[in-house]
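Here's the structure, in structure tokens; my notes come after.
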């Protein structure tokens, strides 16, 4: 287990309830994540895991009806998705969209420079940025022809997920919510992506992994494992809980609650 | 997110001002008397008047085309003034040009002063019905290039005009070509002699200023053997509640090994967001690759006009000749565009390439219409067409009407088409990386059009990128 900081939480979610088109998805969800922690959120389909990720990132389709989210002490519900990103919240998409005609390299550079400006630091020109990028590519075992392709255009499922982690590596967020980053990955890709995430994790940032399967947690060791059901966290434990879920499924917990 | 997109695509038109200048406007209406009056105002020779009268008589027998995929109320051709000229004579030097006109073009970013001209682009400036000045004329004359207004060409180079006028677009070609041939008032003329590669880009800037008038100009470009020229065309108009008619004819002739590159950035006033006002842009543009190994390349960026109806085309007569068409058409609000090209393969081993990118926003309607025709003697002709459409929002439409007529079995014709949409998902993806909607839209659009923009001359590419930006950027609501 990494250093769990006893100070203020990086993100604190307090009694959060959300709706989409009048349907309630998250119900009274409370969770605190401290710098240096890795949390895994598991749960059956339709339990609200992906909604949770999108709500943190500020997806406009979801309406927050109750509760709040503070991030580094600021109320993020008032912030647009782009403002949240500039504050250091990153969401890795379950289904990254394709953006034809926009090259990966220019997309990454624009995103990076936007973050740099938000931090009050200098933007990098294409040549400087390329240097910066090469290290990240190496870390994630991504070949540089990746950069000339359009964003996620014609990427395999695994390549898309790898591209999400590359973006995370480039942006160095304070909080990363990775929504089913392991789905669609073969075992080699899973290893590379997991190693990348491990390298990016440090005592100042936090990671929330949303996953269906325990196998991701063989590679990334979580400090906490939460089980989500019907829009709320119904059980919290450690790694062992994940193993138990793998063996027994979710029913026993749902019966328990 | 949808409303943000709307705010971005609903930017006001920035060239909508009107210049207060006294104009000589011919009374509304169209008949032989009016045509004789236009001709006499221009002191034209008889052969020119004859051409006009023949065209007019033919026009009377024609009906307005109804096949384009556009809708508009019937035009009353008697309710248009066919000639409007600022009341100052064309001057020998820039110092004598009406300062009001100079200010107008300065405001539009068109340098009429040669010293101030950017990177040496020679400009012929057409204001309503007449050419007001042509820069760098003397310099070009030194290498034998004739670059002047059409009226001057009729006076000073009648033998060339007579030979080529109507040789590519005959007055009988279509309704608007006939109308133009009858009433055209000015335009640009350019002649590149044998073996000369034009040392600078030539350009015409068209400005409609008068509310009641139409603009009917002609451009004629002749590139002799082994010559080369790059020609640019730009257009704007003030904002009026009424519609103005713009019916131009452009003819290009390329002889053996000649190369003509014709680039247009069209930003006529498009009407307001409810579709009130704007230019009806009904234009016939055609190039003839007359010589062997000749090449004509059209690049157009169409962002303005209430209605655009134009098909810059290539007739590939010379063996091994090449025709290209690169187009970006952006429509917004109630704008309608039916645009594309015709590639007519007649010579052996002729090649053509079509890349069309349509962007529809608001309630607009954007159609690509293109014909690839391979004649029976056109052995080994090849064509590649790619037509991509992008939709912004969900209240607009995009259509593709490709026509292929092949009479020779050895031909290779390829057509690819795609439609994409800037969706909420894409914008959220950008947003989650810190990039706001405005920047995201601009990045997606720039990516979408890049295959076309690389074919624009540098200066124009910068201009066109800014223009798309103007049309699509703004305060995010």
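Nothing in this text is a laboratory measurement; each read-out follows from the coordinates by a stated rule. Keep in mind that this is a model prediction, so the values were computed, not measured. Reconstructed Cβ throughout: ideal geometry from the backbone, glycine too, with neighbour counts over all protein chains shown.
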Express in whole angstrom the spacing between the alpha-carbon centres of the range B:32-72 and the range A:221-257. 82
Pop the C-beta distance of residue B:155 and residue A:124 into the FRET formula with R0 = 41 Å and round what comes out to the nearest 0.05. 0.10
Out of every Cα-Cα pair in the range A:76-169, what percent are more than 15 Å apart? 62
Between A:32, A:50, A:117, find the one with the highest GNM mean-square fluctuation for chain A; connect C-alpha pairs within less than 10 Å. A:117
Under 4 °C and 1.567 mPa s, how fast does the range A:1-96 diffuse according to Stokes-Einstein, given a Kirkwood radius computed over C-alpha pairs? Answer in µm²/s, whole number. 92
Treating the angle as unsigned and between 0 and 90°, give the value, to the nearest 10°, between the Cα long axis of helix A:239-248 and the longest Cα principal axis of chain A. 70
Kirkwood hydrodynamic radius of the range A:189-257, from inverse mean 1/r over distinct Cα pairs, in Å: 13.1
Taking every pair of Cα atoms in the range B:389-435, average 1/r, invert it to obtain the Kirkwood radius, and report Rg/Rh to two decimals. 1.26
Find the centroid of the Cα atoms in the range A:77-155 and in the range B:390-452, then give the distance between the two in whole Å. 22
Enumerate the whole-percent occupancy of each 10 Å bin, from 0 to the last occupied one, for all C-alpha pair distances of the range A:11-256. 7, 31, 36, 20, 4, 0
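Would you work out the relative contact order for the range A:11-256, in percent, from Cα pairs under 8 angstrom that are 6 or more residues apart?
Computed value for the range A:11-256: 29 percent relative contact order.
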Quick calc: nm separation of the 7 Å Cα→Cβ label points for residue A:219 and residue B:416 -> 3.3
Principal-axis tilt of helix A:157-171 within chain A, Cα atoms, nearest 10 degrees: 80
If you line up the long axis of helix A:104-118 against the longest principal axis of chain A, both from Cα atoms, how many degrees apart are they, to the nearest 10? 70
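Over the range B:339-423, what per residue volume does the convex hull of the Cα atoms give, in whole Å³?
On the way: hull volume 5.2 nm³, N = 85.
Output value, Cα hull per residue: 61 Å³.
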For chain A, calculated [θ]222 nm from helices alone, where every DSSP H run of n ≥ 4 adds -39500 (n - 2.57): -10500 deg cm²/dmol
Can you list, bin by bin at 20 Å, the percent of alpha carbon pairs in the protein assembly as shown, starting at 0? 16, 40, 26, 15, 2, 0
